[in-house]
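Trainee: Okay, here's the structure, questions in a sec.
The values are calculated or read from the model by the stated rules, or taken from the named source; none is laboratory data. Please read all numbers here as calculations on a predicted model, not as lab measurements. A quick note on method: Cβ atoms are made from the backbone with ideal geometry, for glycine too, and the neighbour counts reach across all protein chains shown. Areas reflect the complete protein model, heavy atoms only, side chains present, ligands, DNA and RNA absent. Shrake-Rupley method; radii C 1.70, N 1.55, O 1.52, S 1.80 Å.
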Amino acid sequence: MNKKTTIGGQALLEGILMRGPENTRIVVRKPNKELEIKDDPIGTEKKNPIAKIPFIRGVVNFWDSMKYGMSALNYSASFFDEEEEELTKTEQWLNNKLGKEKFDKLLITFATVLGVAMPVVLFIFLPTILAGFFENIESNLLRNLVEGLLRVTIFLAFVIITSKQSDVRRTYMYHGAEHKTIYCYEKGLPLTVENVRKQSCHHPRCGTSFMFVVMIISILVFSFFKWTNPVVRVLMRLALLPVVVGISYEFNRFVGRHDNWFTNLLRAPGMFLQNFTTVEPDDSMIEVAIAAIEGVIPENKEKDNW
């Protein structure tokens, strides 16, 4: 039986982030083709007992992953600043007033806020507003089902459309390399390019699958609350988001621990979605993924058991 690891990753701009129980490693392929490696002693093990309580731990892990993931994405992008266009007049003015260091921090903060705000607008605010056109539906469950279907449709359209862009496609290739490398490690094979290349790009404990589960669980949770005012509906969805995330996290942990026809059926939608979010990587990308995972494998092999 193959090992199931809690080690997880995230595709970056020409790089990969891997998080283990004890530490994190970011590996970026710089424009000169050299690897930049950054190790951080922040792992997924939480010292705070509250962060280990079922349902609460899902919210903590989700927020931690988003915050650290955005920081890592900005870090990987920093190696390609020289290829960007010249600053606009407004950017140049801010740069002169604040200084380069503060200006860079401002840009990172803005990018982080935008990165959090965009999913909220696309997948919570927009579907809720569109569902307002179906107020003639008397059944609260049916109305929430319509809203949930709108949310899933927007999410699928977003993923499929962005996957056609060349730069996003390269990121999805790194995503594929991340999955292949984790599979190779779970099978106990030596972490070589040849062994990793043979593995599947689709992994059952993928973050993309988790996002899909969040949307499905939200349909069930939101159906218990009936509010017709669109503003109140949006606020209620935001307020209930931690509940949805907490339930979704426990659902994923359950499905990830078992391999049978029932759990395979439950994870099928998320696995299908990975047809659009993962692409076969080249060998140089696999090298990045191997360098990333090698830095987070704990000495005690029991520490990263799922």
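Trainee: From the list ILE293, ILE219, which residue is within 19 Å of LEU156 (Cα to Cα) and aliphatic (A, V, I, L, M)?
Mentor: On the way: ILE293 fails: within 19 Å of LEU156 (Cα to Cα).
Answer to the selection: ILE219.
Trainee: Related question: Give me the residue from the stretch 133-154 that is of a type outside the set (Lys, Arg) and in contact with a Phe, Trp or Tyr (Cβ under 6 Å, 6 or more places away or on another chain) and, out of that set, most open to solvent (accessible area, probe 1.4 Å).
Mentor: Of everything passing the filter in the stretch 133-154, VAL146 is most open to solvent (accessible area, probe 1.4 Å).
Trainee: Would you confirm whether any residue within the stretch 221-230 is under 25 Å from ILE50 (Cα atoms) and modelled with pLDDT of 85 or more?
Mentor: Keep residues of the stretch 221-230 that are under 25 Å from ILE50 (Cα atoms), which gives 221.
Right, trim to modelled with pLDDT of 85 or more and you get 221.
Yes, the stretch 221-230 contains at least one residue that is under 25 Å from ILE50 (Cα atoms) and modelled with pLDDT of 85 or more.
Trainee: Residue under question is GLU36, and the condition is that it be among the charged types (D, E, K, R) and either within 25 Å of GLY256 (Cβ to Cβ) or modelled with pLDDT of 85 or more (or both); does it hold?
Mentor: yes
Trainee: Separate question: So which residues in the stretch 45-68 are in contact (Cβ under 8 Å) with a residue 24 or more places away in the chain and farther than 22 Å from VAL243 by Cβ, if there are any at all?
Mentor: Within the stretch 45-68, GLU45, TYR68 meet the criteria.
Trainee: Looking for whichever is closer than 30 Å to GLY132 by Cβ, over 16 Å from the mean Cα position of the chain (by Cα) and of a type in the set (Lys, Arg) here; the options are ARG257, ARG237, ARG267. Which one fits?
Mentor: On the way: ARG257 fails: closer than 30 Å to GLY132 by Cβ; ARG267 fails: closer than 30 Å to GLY132 by Cβ.
Criteria check complete, one pass: ARG237.
Trainee: Suppose we filter GLU250, GLU287 for residues that are at pLDDT 90 or above, of a type outside the set (S, T, N, Q) and open to solvent by 60 Å² or more (accessible area, probe 1.4 Å); which single one remains? Talk me through it step by step, then tell me what you get.
Mentor: Numbers: GLU250 fails: open to solvent by 60 Å² or more (accessible area, probe 1.4 Å).
From the options GLU250, GLU287, the qualifying one is GLU287.
Trainee: Taking the options GLY207, GLY176, name whichever one is of a type outside the set (Phe, Trp, Tyr), within 14 Å of the chain's Cα centre (by Cα), closer than 30 Å to LEU241 by Cβ and open to solvent by 30 Å² or more (accessible area, probe 1.4 Å).
Mentor: Unique residue meeting the criteria: GLY207.
Trainee: Another question about this same structure. Hey, could you check the stretch 1-26 for residues that are of a type in the set (A, V, I, L, M, F, W, C) and not in a strand (DSSP E or B) and say which is most open to solvent (accessible area, probe 1.4 Å)? It would help to see each step written out before you state the result.
Mentor: Our first condition is that a residue be of a type in the set (A, V, I, L, M, F, W, C); within the stretch 1-26, this holds for 1, 7, 11-13, 16-18, 26.
Within this subset, residues satisfying the condition of being not in a strand (DSSP E or B) are 1, 7, 13.
Numbers: MET1: 209, ILE7: 8, LEU13: 62 Å².
Taking the candidates together, the pick is MET1.
Trainee: Right, ILE42: part of a strand (DSSP E or B), aliphatic (A, V, I, L, M) and either surrounded by 20 or more Cβ atoms within 10 Å (Cβ to Cβ) or touching a residue at least 24 places away in the same chain (Cβ under 8 Å) (or both) or not?
Mentor: So ILE42 does not fit the description; no.
Trainee: Give LEU189, LEU220 a once-over and let me know the one that is aliphatic (A, V, I, L, M), open to solvent by 60 Å² or more (accessible area, probe 1.4 Å), under 30 Å from GLU299 (Cα atoms) and over 19 Å from the mean Cα position of the chain (by Cα). If you could, list the steps in order and put the result at the bottom.
Mentor: Values: LEU220 fails: under 30 Å from GLU299 (Cα atoms).
The unique qualifying residue is LEU189.
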